[in-house]
Amino acid sequence: MKRLSKHDLATVLTDWAEHYTLICPTRQPPGDIIFDDFNPETFTMDYGKPPLSPKTCFLPHSEVIFTVQDGSYQTASSSDKRLIFGIRACDACGLQQAQRFMTRDKNDVYYQARWDTTLKVVVACSGPQNETCFCTTTQSGPIAADGFDLQVFDLGDELFFEIGSSAGNNLTVGRSFSDLDQKTGRDALAAFRERAQAVIPVKPEIKAAIDALKTRSPDEVWDFLGRKCITCGGCAFVCPTCTCFNIYDQAVSANSGQRIRAWDACLYGGFTREASGHNPRPSQALRLQRRHEHKLRYYHALDIGRALCGCVGCGRCSDFCPVHIGTLEVAQTIVAGATP
Amino acid sequence: MTNSIVEFEDADLVLVTGSNTTAQHPLIGTRIINAHARGTKLIVVDPRIIPLAEHADLHLRHNIGTDVAVFNGLMNVIIADGLHDRNFIMTRTEGFEALHDIVSRYTPNVVQAITGVPAGDIVAAARMYAQADKAMIAYAMGITQHTTGTDNVKVLADLAMLTGHLGRPSTGINPLRGQNNVQGACDMGALPNVYCGYQSVAAAEIRAKFETAWGRPLNDKPGLTITDMMSAALRGDLKAMFIMGENPMMSDPDTTHIERALANLDFLVVQDIFVTETARLADVVLPGAAFSEKTGTYTNTERRVQLAHAATAPPQDARADWEIICALSMHAGYPMVYDSPRDIMREINTLTPSYAGITYERLEACHGLQWPCPTPEHPGTPILHRDKFTKGLGTFLPCDFKPLAEVPDEEFDFILTTGRISYQYHTGTMTRRTNLLEREAPHAQVQIHPEDARRLSIGNCDLVEISSRRGTVRMQAEITDQVPRKVLFTTFHFHEAPVNKLTNPACDPISKIPEYKGCAVMIRRIS
């Protein structure tokens, strides 16, 4: 482990930014937090839970995957050396789930290229970022178990750095870091973890809902929630483990064009509609059921790693769903039974 | 809206009419569903089985265009049963006798004969609405887009005043505006007869105020409405038009007539973010900035003024609308000198009493302010007409039922009604360029009742031809009992099936809104 005076963080980040495209939490006017290129003016350590997870760094909202020009095509693949600073533990877990899914049986070259060229620095949470955090339930935080090159613990005046890889270690070499003896580091981490876990309440409804879904599908719950869902797809877009995309072609000129992929969501009817017009998931109730069962029941064991399920407890769907049917509310409804 | 969106949650009863709320105002629709789940009664008055109707305690499926008769029927029952609010009528209103005279003719049986709604349902709806402590009315274009649109709104206002469901939390008459800033555009005087804040161009003292502020003499005559402009262009009385962010070649009724009118102009300028069907006819196209490329305010359906910041710069030569207008004005010899939307808002504050206290400084620190907000200290007004109406006493404006301007006959035997779906927006200028939305709703479909489809040998997804006296379009059939028999429903989003070639340009005499919600058509399968 390494230690760094908080004083020196800006210098270190500036230094890293000379060697990497440094992406970090920024506060943009009038106050929105987004992961963006490092700028000492907008960089902030007081960023809570950014509305969009850093999955946007690996699967952007839309990206050109190849271009066609005069009958030949060229793959657009990223080889930019990047460093993401400030990933939350839940997101680090979500990113790993997504990466396994995207490369497990068929390698998504666009995703993998970004993954391979990106260093990841996690900043551990000392407590919940807001009331919808439930990483202690999904076993995905508040401290990352793996999936990082460096992990930062904010101890007031000092930052402790856990080394996750040799590339991570190299980031500390020749800079203002100093060594930390193993026992001091281990004790400090254990105390940090204990304090953090104590203040992030476990949400029993999540486990209860997972158990309930093992035995039956509460159709009345899906029907009720399906009638409320406005099909905006926002829950999928903010979700760190959602990776579905759609492909479309765009003409640029008479003899050139590009193939683009862009975020998609299983909440949309067209996601499963077949060429004949038949839709195996014809109602919003069934589409919501599919989404939540994927997170809580039918996830792939190889994808989830050490986590409890396919949801990493970041709570963003509950933060942003305009009609209050995030994972927490769905679990509560399953446990309480549907409605009147 | 007289009241605010959040108040739907606390209403004892919500009456929704002419609004497919969950599709077009989904956040309001969900508040209504949430309230209903907690015990709020829900009455839906709509010919179609809209999704909200599945939650409704009572669904009145009246014949298209018979709204006045339905609500006169409700008022008839309310007065007959003595359920009207005598105190409210006495202290807050005038003209009750005239109302009573007219609605007394609309007994439940008479109304059933006109509207097709069972008399018992008229009685039940009347009692539920009148007996609720706090009842809200929500309506949208299903009420206004009729030749009787103004009458339809008047009878809803009469109904609310008759029962005292006004001026208190979770009551009122709540039009759900059809676009995110149509309220703001009207507030800013994008109407032919008023300056900002609905100050009449014909009033001398108001005109003098604007003449002083702008240093120019101003015309005292109201201008033309859109529908009047098109007729004037066709006659040759109107020589040039400047169309901003509007696509009348798709959105105005009887578009064959619109195309002739625009072709007859000497000069047409269109300002938009894409080359629309209308822009293709223009002599000059000015590229505007999209919503995410400009800073400014939007005023939503509950009169809430909200600030939005530009996220990116406009592409190439595109500019924010205000910058284009200022530049044009400069060339025309009247320098409009503003350095930012904030600067323009300062002028709005000085000239618009209802916006006087709505400053950028305040908007930056809150989630918007609801007008009227007359001073910098004023908290805004969530509920209108609390102690008195703007004009003093509220006047009952009774109306008699008038049929659709074009009723079905033997040849054109269906009523076509038009509207929108969730995935596409208006004429598709923006949404049809959005891949995912286009996948969700790639082409026009016309809804037809299963019995009609069977009789005409129309199968699901068959190609059909729909004709009115004004034109013909082709699209796919969707067989569903969500529409009544002898009624067709479709949308105006798709240029491949421009349904406004069919619609009737007959207008409401006061608002000049066309009757998009009902015209006579025929339909046949294309083999």
Residues that are open to solvent by 40 Å² or more (accessible area, probe 1.4 Å) and more than 13 Å from chain B (Cβ to nearest Cβ): list the strands (runs of 3 or more DSSP E) wholly contained in segment A:150-269 that include at least 1 such residues. A:150-155, A:158-163, A:245-253
If we keep just the residues of segment B:87-102 that are of a type in the set (Asp, Glu) and part of a helix (DSSP H, G or I), which is farthest from B:LYS402 (Cα to Cα)? B:GLU97
Based on what the data block shows, is B:GLY120 out of contact with any helix residue (DSSP H, G or I) (no Cβ under 9 Å at 6 or more places or on another chain) and among the small types (Gly, Ala, Ser)? no
Can you find a residue that is touching a Pro at 6+ places or on another chain (Cβ under 9 Å) and either open to solvent by 60 Å² or more (accessible area, probe 1.4 Å) or under 25 Å from A:CYS125 (Cα atoms) (or both) anywhere in segment A:62-85? yes
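Could you go through segment B:275-293 and let me know if any residue there is closer than 22 Å to B:ASN500 by Cβ and part of a strand (DSSP E or B).
Taking every residue of segment B:275-293 in turn, at least one turns out to be closer than 22 Å to B:ASN500 by Cβ and part of a strand (DSSP E or B).
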How many of the residues in segment B:132-154 are within 22 Å of B:GLY164 (Cα to Cα) and either in contact (Cβ under 8 Å) with a residue 60 or more places away in the chain or surrounded by 24 or more Cβ atoms within 10 Å (Cβ to Cβ) (or both)? 14
For segment B:342-355, check the following and say yes or no: at least one residue is surrounded by fewer than 17 Cβ atoms within 10 Å (Cβ to Cβ) and either farther than 21 Å from B:GLY197 by Cβ or modelled with pLDDT under 95 (or both). no
Quick one: in segment B:32-43, which of the residues that are open to solvent by less than 10 Å² (accessible area, probe 1.4 Å), under 14 Å from A:VAL323 (Cα atoms) and more than 7 Å from chain A (Cβ to nearest Cβ) is nearest to the chain's Cα centre (by Cα)? B:ILE32
Do we find that B:ASP228 is modelled with pLDDT under 95 and more than 26 Å from B:ARG319 (Cα to Cα) in this structure? yes
Yes or no: B:ASN109 more than 26 Å from the chain's Cα centre (by Cα), buried (at least 21 other Cβ atoms within 10 Å of the Cβ) and either farther than 30 Å from A:VAL323 by Cα or within 14 Å of another protein chain (Cβ to nearest Cβ) (or both)? no
Per the list (1) modelled with pLDDT of 95 or more; (2) more than 12 Å from every other protein chain (Cβ to nearest Cβ); (3) open to solvent by 10 Å² or more (accessible area, probe 1.4 Å); (4) under 21 Å from B:ILE421 (Cα atoms), residue check on A:GLU274 breaks on (1)
On the basis of being modelled with pLDDT under 95, more than 10 Å from chain B (Cβ to nearest Cβ), closer than 22 Å to A:ALA212 by Cα and under 25 Å from the mean Cα position of the chain (by Cα), does A:ALA307 make the cut? yes
Within segment B:1-23, which residues are within 14 Å of another protein chain (Cβ to nearest Cβ) and surrounded by 21 or more Cβ atoms within 10 Å (Cβ to Cβ)? B:PHE8, B:ASN20, B:THR21, B:THR22
Residue count for segment B:329-341, restricted to those that are out of contact with any Ser or Thr (no Cβ under 8 Å at 6 or more places or on another chain), free of Cβ contacts under 8 Å to residues at least 24 places away in the same chain, surrounded by 12 or more Cβ atoms within 10 Å (Cβ to Cβ) and outside any helix (DSSP H, G or I): 1
Which one is modelled with the lowest pLDDT, of the residues in segment B:499-527 that are of a type outside the set (D, E, K, R), within 16 Å of B:LEU463 (Cβ to Cβ) and surrounded by fewer than 22 Cβ atoms within 10 Å (Cβ to Cβ)? B:SER527
Read through the list (1) of a type in the set (Gly, Ala, Ser); (2) in contact (Cβ under 8 Å) with a residue 40 or more places away in the chain; (3) within 13 Å of another protein chain (Cβ to nearest Cβ), then give the number of the only condition that B:GLY29 fails. (2)
So B:ALA53, is it within 22 Å of B:ILE415 (Cβ to Cβ), among the hydrophobic types (A, V, I, L, M, F, W, C), open to solvent by 10 Å² or more (accessible area, probe 1.4 Å) and within 14 Å of chain A (Cβ to nearest Cβ): yes
Scanning segment A:310-325 residue by residue, those open to solvent by less than 30 Å² (accessible area, probe 1.4 Å) and within 14 Å of another protein chain (Cβ to nearest Cβ) turn out to be A:CYS321, A:VAL323, A:ILE325
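The values are calculated or read from the model by the stated rules, or taken from the named source; none is laboratory data. Treat the numbers as computed from the prediction; the structure is a model and nothing was measured. Here Cβ is always computed from backbone atoms with ideal geometry, including for glycine, and neighbour counts include all displayed protein chains. Only protein heavy atoms, including side chains, enter the accessible area calculation; ligands, DNA and RNA are left aside. Shrake-Rupley method; radii C 1.70, N 1.55, O 1.52, S 1.80 Å.
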